[in-house]
Amino acid sequence: MDGGHELIRGSVPCAFSTNYESITGTGRAVFCETDAEKITGLRAIMVHQAGQDFSFTGQMAENVAVFRVEADTYTAKARRG
């Protein structure tokens, strides 16, 4: 996954660069089977993406598939500057 992209302009083409943040790793995607697991995941996604905690019903959770990532290893890096 990556994010935080920002173009750094230079005075000549070779002086251009990019700020970034990235993470890579190994692991597995695991299907969330219960409504409670799905609701936990959906709430976390909405807090992260919208900055707001929403309520979900079991009926809402029944209509979506939610996966969680179980990471075995990961590494991250960033360029800011």
Can you give the helix-only mean residue ellipticity at 222 nm for the chain, where every DSSP H stretch with n ≥ 4 adds -39500 (n - 2.57) and the sum goes over all residues, rounded to the nearest 500 deg cm²/dmol? -7500 deg cm²/dmol
Gyration tensor on Cα atoms of the chain, a ≥ b ≥ c root eigenvalues, a/c under 1.5 rounded, else prolate if a/b beats b/c, else oblate, says prolate
Heavy-atom accessible surface of segment 20-81: percent carbon and sulfur, 1.4 Å: 53 percent
Tell me, what is the 1.4 Å probe accessible area of Ser22, in Å² to the nearest 10? 40 Å²
Can you give me the long-range amide H partners of Cys32? Hydrogens built in the peptide plane at 1.01 Å from N, cutoff under 5 Å, separation of 5 or more residues or another chain. Val66, Phe67, Arg68
Determine how large the accessible area of Phe16 is when every protein chain is in place; take a 1.4 Å probe and give Å² rounded to the nearest 10. 80 Å²
On Cα atoms only, tilt of 35-50 relative to the major axis of the chain in degrees: 30 degrees
For Asp2, the accessible surface traced by a 1.4 Å probe with all protein chains present amounts, in square angstrom to the nearest 10, to 100 Å²
Using the Karplus equation 6.51 cos²θ - 1.76 cosθ + 1.60 (θ = phi - 60°), what ³J(HN,Hα) coupling, rounded to whole Hz, does each residue of segment 73-81 give in order, writing x for Gly and Pro? 9, 7, 9, 9, 8, 8, 10, 10, x
Averaged per residue, what accessible surface does the chain expose to a 1.4 Å probe, in Å²? 80 Å²
Using Cα pairs closer than 8 Å and at least 6 residues apart in sequence, work out the relative contact order for the chain, in percent. 38 percent
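The values are calculated or read from the model by the stated rules, or taken from the named source; none is laboratory data. Values in this document were obtained by computation on a predicted structure and should not be read as measured data. Heads up: the accessible areas ignore ligands, DNA and RNA and are worked out on the full protein's heavy atoms, side chains in. Shrake-Rupley method; radii C 1.70, N 1.55, O 1.52, S 1.80 Å.
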